[in-house]
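*Asks:* This is the structure I have questions about; it appears just below.
The values are calculated or read from the model by the stated rules, or taken from the named source; none is laboratory data. Please read these numbers as outputs of a predicted model, since none were measured by experiment. Please note: Cβ atoms are built from the backbone with ideal geometry, for glycine as well, and neighbour counts cover all protein chains shown. What goes into the accessible areas is simple: the full protein's heavy atoms, side chains included, and nothing from ligands, DNA or RNA. Shrake-Rupley method; radii C 1.70, N 1.55, O 1.52, S 1.80 Å.
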Amino acid sequence: MATAGDIVLTVVTGVFLLLIIVASIFGLAHLQDPLERKAAWFPKVVCIMAAVTSAVMILLLPLDVAGRKPVGTPPFIPVYLLTLIAYGLSLFLLAFLIPLAFLHYDALEEPEHDVDTVLKNASQGRSSAGASKQLFHALKWTLPFTLALVALVGGLYYAYGYSRLPTAFLESVGSTVAGRATCVAAGDCLAWTRFMYIRINPLLYGVAIVNLIGMVFLMLYGGVGLICLPLDLLRSFINRPRAMSISAVVDARARLYTRSQELTTEAQKLLAERDELRAKGGFLKNLTRSGALDSQSRRLAAKVFELEEQAHKLEIARSISEESVLVQFFKLALSIIGFIFSILWLLHLALYFAPVTFGMKPVSAFMNAVFAGLSKVPFLGPAFYAIFALHLLLCLAHGSVRLGRLSSILGAVHSIRPGRTLTSALLFHSWLLVAGAQAVSHAGARVFGSYARDTASGRIANTQLANLSGGVGHGFDALICLMGVMAVVTALLACILPARKRKKKVKLVSEKERARNRQKENNYEMRQRAGK
């Protein structure tokens, strides 16, 4: 029989699901490149599915806690079944659908078409290759990859797909005591522990493999994001664009133009050196020089990105309004909240999870006790639980974008920029997001294991996956602890190596310079009128 709380929980779940779908669509529209606005529909649908699946896996944690029932009472919302469905969909996305969409997008262009034709077709929603060719090209490479992946995971499941559960056995040693219950009451028992090996669900073993990969991303990107997400929001507020006069805008544009010409010259020199290196031949002989050119190319890409950011801020400063000022102060508020949540995450790892991982008594239950106290108010404890899990997922996403600017291995090839992101980059980060969301879901159930006791996510993470044979469960916990270490290292580096500050040169403005600035301002206004 459904209670009023169950009905409210169901309605709230449906509303949140609709909000997640709408937010995913608007987020993709905000990030996508204008040239691809009417193209690559299938990859974009896959990106939306990945974003929705990631958010649902995180929000199933508080739903599981809020709908928890006493032992023996079936829950109104089948959270365990929904969790398995979400896990299955995430595995399907990671192993088949996202690689298929990536290769499908890669087949949009054919080498015999020139760039102008490709751009024209993309802006009109057409592709250079036919639809059948695109699908055949994508399936030709995706199906063997997926089958090989399934065969590999299947072999590992056959060999190691067991949970190693410690089980206590009691036996009466007295001649007058019979039965285990009487033995315990009399204190006349012989106890020993054995391990029971139980084969787990093959779907959950696939989830464990993905969790292991996602935990590596969580350790690296999540640890960096716990510090960089609030720190970058704070820096965005400090370095926010401010209103500028027309003369200042003209001067700034002139400086940007000069800087762009310098970077263009530098890029041409790098291309010439690379062509010369290719003409010489000899892989081993030119390996060192090729590595140096790659390093220079990455530094040049960072300079170009910085120049584009300055140009974007200049455009905002030219047309600044009260609304943009409110957005900047909203970022400041989010930065403060983000710092609070990140500090609480690190304190909870240090006081509760790390001691439990290394077999010691925890210093304090900390956030487990806080969530339990907040749960006295209906839905308040699960709501904060959801916020903590979503904060970690956002930190992981921000860390992937932040570290991606440093190396092509970490994602610089697929950089995320509002209004300038290619669909291939969206697919790449969607794969990272889904794998990371599984890891965050597992980490939430493990780190807040006391609060998530007797839930579907708790049974999966703390019983079946935590006791996998081969020491996989210990690897999960160690990577979660290393995430906290990575966050501390990032905070120390941010303090020791602060952001580079540009020195402002103070110079006196002469009458001739003022006259030139006024002339520039008048010329700019005349060009604006002529353009209108």
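*Asks:* Give the peptides 360-367, 440-447 in descending order of average Cβ contacts within 10 Å, highest first.
*Replies:* 440-447, 360-367
*Asks:* Now for a different question. Starting from the Cα-Cα distance between Glu266 and Leu143, subtract it from 0.36 nm times their residue separation and give me the gain in nm to one decimal. Display every interim value, and only then the final one.
*Replies:* Details: separation 123, 0.36 × 123 = 44.28 nm, distance 4.29 nm.
Full extension from Glu266 to Leu143 adds 40.0 nm.
*Asks:* How do the peptides 428-439, 477-488, 264-275 rank, highest first, by the average count of neighbouring beta carbon atoms within 10 Å per residue?
*Replies:* Highest to lowest by the protection proxy: 428-439, 477-488, 264-275.
*Asks:* Of the accessible area of region 339-478, with the probe set at 1.4 angstrom, what percent is carbon plus sulfur? Before the final figure, lay out each step's value.
*Replies:* On the way: 3890 of 5560 Å².
Carbon plus sulfur share of accessible area: 70 percent.
*Asks:* Then there's this: I'd like to check one number: the per residue accessible area of region 1-109, probe 1.4 Å, reported in Å² as a whole number.
*Replies:* The answer is 50 Å² per residue.
*Asks:* Arrange the peptides 86-93, 212-219, 225-232, 374-381 so that the one whose residues have, on average, the most other Cβ atoms within 10 Å appears first. Walk me through the intermediate numbers first.
*Replies:* Working: 86-93: 20.0, 212-219: 22.2, 225-232: 24.9, 374-381: 14.4.
The peptides rank, most packed first, as 225-232, 212-219, 86-93, 374-381.
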